[in-house]
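A short write-up of the structure that comes next.
Where a number appears in this text, it was derived from the coordinates with a stated rule and is not lab data. Just so it is clear, the structure is predicted and the values come from calculations on it, not from any experiment. All Cβ positions, glycine included, derive from the backbone under ideal geometry; neighbour counts span all protein chains shown.
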Amino acid sequence: MNMASATVLVENKVFVEEKRKRDQLIQRGFGELTERKLVLDLFESLFLMEKDKLEIQRLTGKDVDEKSLLKLGLKLDKQFYSKFLVFRDLRSKGFVVRTGLKFGFDFRVYPKGKKPGEEHTYWVIHVSTQDEKVSFPEISRMVRLAGNIHTIVLQAVVDSEDDINYYELRRITP
């Protein structure tokens, strides 16, 4: 890959400058556009690398492989792998998945074929492993936050075999 059109890892973000690659990824619902550069998060970058759709370099020009990207993710978030499994599962099923941190969730998911701005968030996702305990106050907080942004909470539980079960959480008033 030549440096003029390189896709570069800077800290925990990947920057795509090449116009054709950038336009392809935007069309498929990846990244955020800032000043003619597409910024991908680590989940998107790792997903695209697994699919052989992205090659990444460091600023030094050295190639980044999937293993080092996963290692970086785990260094930043000990639950990165579980969250990545959920991200990959939803993206593979055709959903556009974005970070949900500013809403108090791991991810926000858009309906199939829709991107942010075209449609409202369909689900917000909280990821946990089968060994984690989620308290009722935490469930209540998630349901309340989701209600405030007019969406539905899904609790994604990753089991010991890396299978994912999704549970919808909602408040009912009899």
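Taking θ as phi - 60°, what are the ³J(HN,Hα) couplings along the range 52-58 by the Karplus curve (6.51, -1.76, 1.60), each to the nearest whole Hz, with x for Gly and Pro?
The phi angles translate into 6, 9, 8, 10, 10, 10, 7 Hz.
Roughly how big is the chain's charge dipole about its Cα centre, with Cβ charges of +1 (Lys, Arg) and -1 (Asp, Glu), in debye to the nearest 20?
The calculated dipole for the chain is roughly 580 debye.
Please give the length that would be gained between residue 23 and residue 150 if that part of the chain were fully extended, namely 0.36 nm times their separation in residues minus their C-alpha to C-alpha distance (nm, one decimal).
42.7 nm
Of 120, 150, how do they rank once you tally other Cβ atoms within 10 Å and put the fewest first?
Least crowded to most crowded, the residues run 150, 120.
If you place +1 on the Cβ of every Lys and Arg and -1 on the Cβ of every Asp and Glu, how big does the dipole about the Cα centre of the range 3-71 come out, in debye to the nearest 20?
140
Sorted by average packing, counted as other Cβ atoms within 10 angstrom per residue and highest first, what order do 126-135, 29-38 take?
Result, highest mean first: 29-38, 126-135.
Filter 37/75; 78/133; 102/133 down to the pairs with a C-alpha to C-alpha distance above 19 Å, please.
37/75; 102/133
Would you calculate the volume per residue, in Å³, of the smallest convex hull containing every Cα atom of the range 103-163?
80
Over the Cα atoms of the chain, what radius of gyration and what Dmax do you get, in Å?
Expressed in Å, the Cα Rg and Dmax of the chain come to 17.0, 62.
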